[in-house]
1. Are there any pairs, at least 6 apart or on different chains, whose C-beta atoms fall under 9 Å, with the first in the range 312-325 and more than 21 Å from Asp287 (Cβ to Cβ) and touching a residue at least 60 places away in the same chain (Cβ under 8 Å) and the second among the β-branched types (Val, Ile, Thr) and outside any strand (DSSP E or B), and if so, which?
2. Here are some conditions: (1) part of a loop (DSSP other than H, G, I, E, B); (2) surrounded by 20 or more Cβ atoms within 10 Å (Cβ to Cβ); (3) not aromatic (Phe, Trp, Tyr). Thr195 meets all but one. Which one does it not meet?
3. Looking only at the range 390-403, count how many residues are surrounded by 12 or more Cβ atoms within 10 Å (Cβ to Cβ) and in a helix (DSSP H, G or I).
4. Right, Ser372: surrounded by 16 or more Cβ atoms within 10 Å (Cβ to Cβ), among the small types (Gly, Ala, Ser) and either in a strand (DSSP E or B) or on the phi > 0 side of the Ramachandran plot (or both) or not?
5. Can you pull out every residue in the range 404-425 that is surrounded by fewer than 18 Cβ atoms within 10 Å (Cβ to Cβ) and within 30 Å of Gly86 (Cβ to Cβ)?
6. Out of the range 105-136, which residues are within 15 Å of Ala380 (Cα to Cα) and hydrophobic (A, V, I, L, M, F, W, C)?
7. Out of (1) assigned to a helix (DSSP H, G or I); (2) without any contact (Cβ under 8 Å) to a residue 60 or more places away in the chain, what's the single condition that is false for Phe414?
8. Select, from Glu142, Glu115, the only residue that is over 20 Å from Val324 (Cβ atoms), assigned by TED's automatic domain parsing to the domain that holds Ala384 and among the charged types (D, E, K, R).
Amino acid sequence: MSFNISLSGLGAAQKSLSTTSNNIANSNTYGFKQSRAEFGDVYSKSIFTNAKTANGQGVQTSVVAQQFHEGSSVYTNNPMDLRISGSGFFAVADDRLQPNQHSLTRNGAFHLDKENQIVNSEGQFLLGYGVDPDTDAVVSYEPQSMQVPDKYGQPRPSTAVDVGVNLPAGEEGKLIAAFDHNDPTTYNKSTSVTTYDSLGQPYKLSTYYVKDNTAPNQWSVFYTMTDSEGEKPVDILNGSTANAAGHTGSTLTFNTDGSVASVNGGNPITTEPLGADGANIQLNGADDAQQISFDFDEPTQYASPFEIRRFSENGATTGYLTKVDIDSRGSIVATYSNGENVTLGRVAMGRVANEQGLSQAGGTQWKVTQESGALVWGEASTGAMGAIKSGTLEQSNIDMTQELVDLITAQRNFQANSRALDVGNQLQQNILQIR
């Protein structure tokens, strides 16, 4: 009987050694969780045995339990590397068309594949939720693979420009009729913005400000656009000023306190058609009838430097992906070359009631079982779900010092049980040698 007891002790020591060795081997595995071998004694007796004198029958391995406390952080500065600060798991699927067949993981090392799908190093697809682009709210908690389009948006022609400007009161007045955009001495200030036609082709739209030498509180504004042939004047319909060449612009008139008195005599500021029937801008097949309206929002004439407070237009070209960011809520935000920031989705997170009931699947992944309880879907930073930290990975939660101590302890247990087995063998040898 002592042989069997010692053999069970050897088996338990071997199990402890194997578990500790596995922990040490994965000390640098992202998202790895420590395992701990837990043992129970074996006790049995027959109806003829005196319970007060019965000894145990050895040891058995009850379970190799996972320890899901958090590991420390490693900062990578890669926005696609994610760490969960708190409880919860990422969900990944082998097949993006079958998101219900997924695994859970704490390893947040993700990247974009050749199809711009967000995947891990195993090629598995990160699952997330679709969001409403207007409200940024989750549309459905049905998980799906997350794809980042490499371009975004249809071309949108520029039809309106919003201008906020301060014109310096101390500027020297100039002859309005002498204005020539090619001669910097004929105007006081200028600025420009990029506009777009219906095909998304860009053009430089410039505004020139000329202080009237006959009216100290009045400025003329002239407009030009640059195409493949160079810079060309663009006339204003119902313009309130003109130079000697007959090109029309608009006027800004100010009160003695610097506030605006009138803009273009109260008439809207709208350009002539940009195409061949108007400014003759080479639009290369775009809409020839395109016009641009200007809104001067509370312009001022103060004794301070020339300042453009606002100069924006409403057009856009097709944008190409420049970077991807993921915030603490798990929102996947793509930035495009046309200046658009688009929330494409939100990283899905899940949790279970009993984490130790999860079944290990390898690759720092787990499967939901009956013992773990059903998977509860949710978002980061809501309810019991932890926050997501971008540019950070979770290291294994292995304490190397403790593991080495456990290794020594398991080795001593193995030696002790080996010694007990050897002593039992010697006793039997002595008995067999009695004559």
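1. Going by the 9 Å Cβ cut-off, the qualifying pairs are Leu321/Val148; Val324/Val148.
2. Failed condition: (1).
3. First pass over the range 390-403, keeping only residues surrounded by 12 or more Cβ atoms within 10 Å (Cβ to Cβ): 390-399, 402-403.
Then keep just the ones that are in a helix (DSSP H, G or I); that gives 402-403.
The qualifying residues number 2.
4. Numbers: surrounded by 16 or more Cβ atoms within 10 Å (Cβ to Cβ): yes; among the small types (Gly, Ala, Ser): yes; either in a strand (DSSP E or B) or on the phi > 0 side of the Ramachandran plot (or both): no.
So Ser372 does not fit the description; no.
5. Leu404, Val405 - these are the residues of the range 404-425 that are surrounded by fewer than 18 Cβ atoms within 10 Å (Cβ to Cβ) and within 30 Å of Gly86 (Cβ to Cβ).
6. Let us first name the residues in the range 105-136 that are within 15 Å of Ala380 (Cα to Cα), namely 105-106, 108, 126-131, 136.
Leu126, Leu127, Val131 - these are the residues of the range 105-136 that are within 15 Å of Ala380 (Cα to Cα) and hydrophobic (A, V, I, L, M, F, W, C).
7. Going through the list (1) assigned to a helix (DSSP H, G or I); (2) without any contact (Cβ under 8 Å) to a residue 60 or more places away in the chain, Phe414 breaks only (2).
8. Numbers: Glu115 fails: over 20 Å from Val324 (Cβ atoms).
Checking each option against the conditions leaves just Glu142.
The values are calculated or read from the model by the stated rules, or taken from the named source; none is laboratory data. Remember, predicted model here, so these are calculated numbers, not experimental data. Every residue, glycine as well, gets a Cβ built from its backbone with ideal geometry; the counts of neighbours run over all protein chains shown.
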